[in-house]
Amino acid sequence: WYRDTFEPDRTFDEIIANASDARPGCGGLRFLPYLSGERTPHAAPNARGSFTGISSDHDRSQFARSVLEGVLFGLKDNLELIRAGQPDIEHVRFTGGGSRNKAWRQMAADIFNTPVATVNVADGSAYGAALLAMTGSGRFRDVAEAMTSFVGTLDTLHPTSAAEQYATIHEEWQSLYGILEPTYTG
């Protein structure tokens, strides 16, 4: 959406490279990524995306970075739900197009405050479905065995000092949902 709307002549890698010029937190600019409603952790089909904290000092790199941060903050909210039931998560695995961009993966490692690994599987969702089917058919005892048999780690990025900043920025970002929720009327 962001690329198609604001930077249609640029590639994702160019947008992410430009976003890397902005500092974490984008000088207070925040993006809520609820462009089509939200399902988790907020069951809110009428939620809508928004930029907040805009000033005349913000530039394109900060808008791009705020979008990337907003998407990753939303994923972090989901990761925290998973951690509530399984607190010993050692790393997060990335697949698909975004996994090829090192700056994007580093931002994720910092926001999640967890190592982010890429794997030898290009299309994670289809591959995962196949592994689940093989497990269900009895080829493997469980999903962990299926994963170990087929999926290997290629590269791992660890959180940097930006992780501390992102913990505070994420808390501020989370507060925006409650503030804006009354405006989500459909």
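The values are calculated or read from the model by the stated rules, or taken from the named source; none is laboratory data. These figures come from a predicted structure and were not determined experimentally. So basically every Cβ, Gly included, is an ideal-geometry build from the backbone, and we count neighbours across all protein chains shown. Heavy atoms of the whole protein, side chains included, go into the accessibility calculation; ligands, DNA and RNA do not. Shrake-Rupley method; radii C 1.70, N 1.55, O 1.52, S 1.80 Å.
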Tally the residues that are surrounded by 12 or more Cβ atoms within 10 Å (Cβ to Cβ), not in a helix (DSSP H, G or I) and not charged (D, E, K, R), restricting the search to segment 1-20. 1
For segment 87-113, give me each residue that is in contact with a Gly (Cβ under 8 Å, 6 or more places away or on another chain) and among the hydroxyl-bearing types (Ser, Thr, Tyr). Thr95
Per the filter on segment 21-46, residues open to solvent by less than 60 Å² (accessible area, probe 1.4 Å) and farther than 18 Å from His170 by Cα are Gly37, Ala44
Subset of segment 50-60 (residues that are open to solvent by less than 70 Å² (accessible area, probe 1.4 Å) and free of Cβ contacts under 8 Å to residues at least 40 places away in the same chain): Phe51, Gly53, Ser55, His58
Return a yes/no flag: does segment 133-150 have any residue that is touching a residue at least 24 places away in the same chain (Cβ under 8 Å) and either of a type in the set (Gly, Ala, Ser) or in contact with a strand residue (DSSP E or B) (Cβ under 6 Å, 6 or more places away or on another chain) (or both). no
